[in-house]
Amino acid sequence: PKTQSEPMRVLVTGGSGLIGKAIEQVVKNEGGSLEGEQWIFVSSKEANLVDLQQTKALFEKYRPTHVIHLAAKVGGLYLHMRENLHFLRDNLRINDNVLQTAHEMNVTKVVSCLSSCIFPDKTTYPIDESMIHNGPPHTSNFGYSHAKRMIDIQNRGYFEQYGRRYTAVIPTNVFGPYDNFNLENGHVLSALMHKTYLAKKQGTPLQVWGTGTPRRQFIYSLDAARLFIWVLREYDEIEPIILSVDEDEELPIKDAVLMIAEALDFKGPIEFDTSKSDGQLKKTASNAKLRRYRPNITFTPLSEGIKKTCDWFVQNYDIART
Ligand code: NDP
């Protein structure tokens, strides 16, 4: 195995996505990279990780010592509901190809990415890292969720049989530049930003789906990115760690909508379409483990992260994923 003192060569899968782009920003513009390190960000264009041969060729080409594994087949709620089997199989393959190839190529550490939506549907709050496998996930995206859960199982296996220190993080709702702003398939904040942008341009009311009362924890992608890099360098457990703002930062979607309206200078009426479903009323995740390791970390205030993301979206409308 490589020694720790050798500069890392880090391969980031899913490097073109929301979190990948944020890590790239921290590495390139915030001094997130140390002397001699190499960081390689790849998208599906360079290798389709569902395919084992392409995965192996990618690892042969870059010979990484470390991997941040972000690539995943993700989609909107309705696509998940229609194609649970495809989400299960593609993600099982992507994850097995990446983890097994990393193992065979003697990669020192892999940090993979789970999601807070994989937690049991029926649960007590706050949710913590020990509860991942306590009961079935929500039925709407059971394929994606089970494939993600298997990463944790597989990490445990690589440790027990081979002493590998492969681990995973669990971010709550991430938002920021390079998010998917699609009105139907995008994440909640980015889709709302796009809607607000259009409502302002067209002089129409802003229509928000649901009552606006469900509460969520949002983490700005750049904050999440700095934590990913910390996990890669410092966090030594196999068990996953939740990357989230504090529990009392969980706030109603309605409050975030007002921040978006303010950021985009939208002054028209805001209507809540209560005929649309709300989803879970809260999903409070505990960041107590993160706080134990990093008692002093601060997070970008939500209004500031929203303002930065809205500004990015307006300036980059042509290249944004819409
Ligand atoms: P994005 O949807 O923004 O990006 C997905 C990335 O995966 C893209 O780089 C995409 O490449 C790549 N990818 C997809 N399919 C393949 C494939 N078959 N082969 C190779 N690469 C592929 O994702 P996020 O940045 O939002 O999420 C990254 C990770 O974080 C995912 O694992 C996700 O499950 C997890 N996560 C995200 C959260 C969030 O709120 N955003 C919350 C919790 C977890 P390309 O651009 O070429 O399509």
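Derivation of every value follows stated rules applied to the coordinates shown; laboratory data play no part. What you see is a predicted model; the values in this text were computed from it and never measured. Note: ideal-geometry Cβ built from the backbone for every residue, glycine included; neighbour counts use all protein chains shown.
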request  = Show the residues, 5+ positions off or on another chain, whose built amide H is closer than 5 Å to the amide H of THR172.
outcome  = LEU243
ask   = Given a cut-off of under 8 Å on Cα pairs at least six residues apart, what relative contact order in percent is computed for the chain?
value = 19
query = How high is the relative contact order of segment 39-146, given as a whole-number percent (alpha carbon pairs under 8 Å, six or more residues apart)?
reply = 32
query = Mind listing the phi-derived Karplus ³J(HN,Hα) values for segment 167-176, rounded to whole Hz, using 6.51, -1.76 and 1.60 with θ = phi - 60°, and x for any glycine or proline?
reply = 9, 8, 10, 10, x, 7, 4, 8, 9, x
note = Amide H contacts under 5 Å for ASN180, restricted to residues at least 5 apart in sequence or on another chain and with H modeled in the peptide plane, are HIS187
Proximal lysines to LYS308, defined as alpha-carbon separation beneath 17 angstrom and excluding residues fewer than eight positions away on the same chain = LYS21, LYS195
query = Can you list the lysines whose alpha carbon is less than 20 Å from that of LYS122, not counting same-chain residues fewer than 8 positions off?
reply = LYS148, LYS282, LYS283
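Using only Cα atoms, figure out Rg for segment 276-322 and give it as a multiple of 2.2 N^0.38 Å. Working shown, then result.
On the way: Rg = 16.2 Å, N = 47, 2.2 N^0.38 = 9.5 Å.
Rounded to two decimals, the normalised Rg is 1.71.
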key: Degrees separating the helix 302-315 axis from the principal Cα axis of the chain, which is the longest one   = 90
message = If I build a Gaussian network model for the chain, linking alpha-carbon pairs within less than 10 angstrom, which residue out of ASP90, ASP246, ASP121 has the largest mean-square fluctuation?
response = ASP121
message = For a quick check, take a GNM of the chain with Cα springs below 10 Å and name the residue from VAL12, VAL74, VAL231 with the largest mean-square fluctuation.
response = VAL74
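May I ask you to derive the FRET efficiency for ARG89 and TYR125 from their Cβ-Cβ distance with R0 = 45 Å, giving the value to the nearest 0.05?
On the way: r = 32 Å, r/R0 = 0.70.
Between ARG89 and TYR125 the formula returns 0.90.
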query = Taking amide hydrogens as modeled 1.01 Å from N in the peptide plane, which residues meet the under 5 Å criterion relative to ARG164, leaving out close sequence neighbours?
reply = PHE159
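Rg/Rh for segment 107-200 to two decimals, with Rh computed the Kirkwood way over all alpha-carbon pairs.
Details: Rg = 16.6 Å, Rh = 15.4 Å.
Rg/Rh for segment 107-200 comes to 1.08.
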request  = Within segment 120-204, list the trypsin sites (Lys or Arg not before Pro) lying in a DSSP loop whose Cβ has at most 15 other Cβ atoms in a 10 Å radius.
outcome  = LYS122
query = If r is the Cβ-Cβ distance from ILE238 to LEU52 and R0 is 25 Å, what FRET efficiency results, to the nearest 0.05?
reply = 0.55
request  = Using only Cα atoms, find the angle between the long axis of helix 18-29 and the longest principal axis of the chain, and express it within 0 to 90 degrees, rounded to the nearest 10.
outcome  = 70
ask   = Across all directions of projection, what mean area in square nanometres is found for the Cα convex hull of segment 1-149?
value = 10.1
message = Out of all Cα-Cα pairs in the chain, roughly what percent, to the nearest whole number, are more than 29 Å apart?
response = 36
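What translational D, rounded to a whole number of µm²/s, comes out for segment 163-322 from Stokes-Einstein when the hydrodynamic radius is the Kirkwood one over Cα pairs, at 20 °C and 1.002 mPa s? The partial results should precede the final answer.
Details: Rh = 16.7 Å.
Here the translational diffusion coefficient equals 128 µm²/s.
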ask   = Taking neighbour Cβ counts within 10 Å as the exposure measure, how do THR65, THR300 sort from fewest upward?
value = THR300, THR65
